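Some notes on the structure that comes next.
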Amino acid sequence: MKALILAGGFGTRLRPLSCTRPKLLFPIANRPLLDLIIERLAKNGVEEVILAVNFMAERLEAVFGKTRYGVTLHYSRDKPPKRETPNSQKSLGTGGPIRQAEKLLGKEEPFFVLNGDILADVDYSEILEAHQSYDATATLALHRVEDPSRFGVVKLTKENRIEAFVEKPKKNTPSNQVNAGIYVLEPDIFQYIQAGKRCSIEREVFPKLAEERKLFGHEIKGLWVDVGKPADYIKANALWLAARSKDGRSTKISALRGTKIKENVAIGSGVQFGEISIIGPNVSVGKEVRVGNRVHIENSVIFPHTTISDYSTIKGAVLGEHVTLGRNVRIEEGCLVGDYVTIQDNTTLSQNVKVCPSKKVDERTTTSQCIV
Ligand code: GDD
Ligand code: MG
């Protein structure tokens, strides 16, 4: 069986960290999100994966190459529409890349399509089985959420047929069951997507299939997060760390030179700790990170090769690669610090501040402004 992973979005809500890497390379417990997805597909019998790439395609290709977990990887880069107008977009949306990969996907059997920014503990084979029991062109995994307004929302019949599909409804939300971004599609789907054009599968194709009674749903429970927003990315990391520790897969690290580790925590190779720091809970520290004395990090993700000096505190934030934090720096909730940023001593970044790559933040700054 084949799967296509939509991997070409711009990750705008995760800027500035997504300016230098695609969303699918964001680490979850120190492994790229895409790595976790391919591993799971491999376990579900998928042999070929087509990565529908666009933005920073070369980064993905450089990291993943031609095969992983025994799965063959193909890269299908969005071709810009043939007749370009000044306003035409150079990306194909969520439907166009599926049509573009028609030859790679073939016409013989159904295939999976996944939004690449979803971390889910899901059994893909179960969705395929459900699909085979319906007379469906598309079967969508569905998940229940508290606030459905930023998702595709469905109205489901008792027979699991989707009567209505509304993408990001502004009002009159039909239910709290949303499109989980995991589909089984029949090759018939190609007829619904025009070649060489940008198309939103959620806005242009699913509503039509619902009308034609060819759209079905299958509810999935358990871990499911769209990592599109900073808070959700941090939550995805925390949930994955928790799931991993239940599996007994986490490395138990006790006190390191007087540094206290509060589980759940992932620590990469070559990380150095000073004394009397507190790391955790819900923290991933990438490889070769250097942590000074009396540092406190909780609920955060630290990318590789970053240095955090004495007395600094990081809570609910993400630090990119090769960041240098001086002494007594406070990074508050929702902050995103780009790669190669230097933050000098005694500086506070208050909630939700974003710092663009390579910027230098001077000593004794207290800011709630984004630094671009
Ligand atoms: N190749 C390519 N080209 N991929 C794209 C493009 C494009 O132009 N645009 C988006 N993608 C990829 C993104 O990288 C992401 O993996 C996936 O398509 C979905 O795009 P998002 O931008 O993350 O959409 P969303 O989160 O607002 O909404 C989607 O996901 C929700 C579930 O999290 C929709 O499918 C909703 O209906 C769904 O509920
Ligand atoms: Mg998304």
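A short reminder: the numbers here are calculations on the coordinates, not readings from a lab. If you're wondering where the values come from, they're calculated on a predicted model, not measured in any experiment. Cβ: placed from backbone, ideal geometry, glycine included. Neighbour counts: every protein chain shown.
For the pair His74 and Ser200, what calculated FRET efficiency results from E = 1/(1 + (r/R0)^6), where r is the Cβ-Cβ distance and R0 = 25 Å, to the nearest 0.05?
0.60
Cα to Cα, under 26 Å, and not fewer than 8 places away if on the same chain: which lysines meet these conditions relative to Lys359?
Lys23, Lys229, Lys287, Lys315
How many percent of Cα pairs in segment 231-371 exceed 21 Å?
Tail of P(r) above 21 Å: 34 percent of Cα pairs.
Measuring from centroid to centroid over Cα atoms, what is the spacing of segment 90-121 and segment 23-61 in Å?
Cα centroid to Cα centroid, the span is 13 Å.
Given the alpha-carbon gyration tensor of the chain, what are the semi-axes of its equivalent ellipsoid in whole angstrom, ordered largest first, with each equal to the square root of 5 times an eigenvalue?
Its equivalent ellipsoid spans semi-axes of 39, 22, 19 Å.
Considering only DSSP beta bridges where both residues belong to segment 48-180, give the percentage that are antiparallel (nearest 5).
Expressed as a percentage, antiparallel bridges in segment 48-180 total about 65.
Would you kindly derive the ³J(HN,Hα) couplings of segment 335-351 from the backbone phi angles with the Karplus curve 6.51 cos²θ - 1.76 cosθ + 1.60 (θ = phi - 60°), listing them in order in whole Hz, with x for Gly and Pro?
6, 10, 10, x, 4, 6, 7, 10, 10, 7, 3, 6, 10, 10, 9, 7, 2
Around Asn30, with a cut-off of 11 angstrom between Cβ atoms, what is the net charge of the other residues, counting Lys and Arg +1 and Asp and Glu -1?
Cβ neighbours under 11 Å give a net charge of +2.
Quick one: work out the % antiparallel among DSSP beta bridges in the chain, nearest 5.
Within the chain, antiparallel bridges account for around 30 percent of the total.
Straight distance only, please: which aspartates and glutamates reach the Cα of Lys171 with their own Cα at less than 16 Å, same-chain residues fewer than 8 apart left out?
Within reach: Glu146, Asp147.
Quote the FRET efficiency, to the nearest 0.05, computed for Ser133 versus Glu363 with a Förster distance R0 of 51 Å and r equal to the Cβ-Cβ distance.
0.20
Among the aspartates and glutamates, which fall within straight-line cross-link reach of Lys158, defined as a Cα-Cα distance under 13 Å, with same-chain neighbours fewer than 8 residues apart omitted?
Correct list for Lys158: Glu219.
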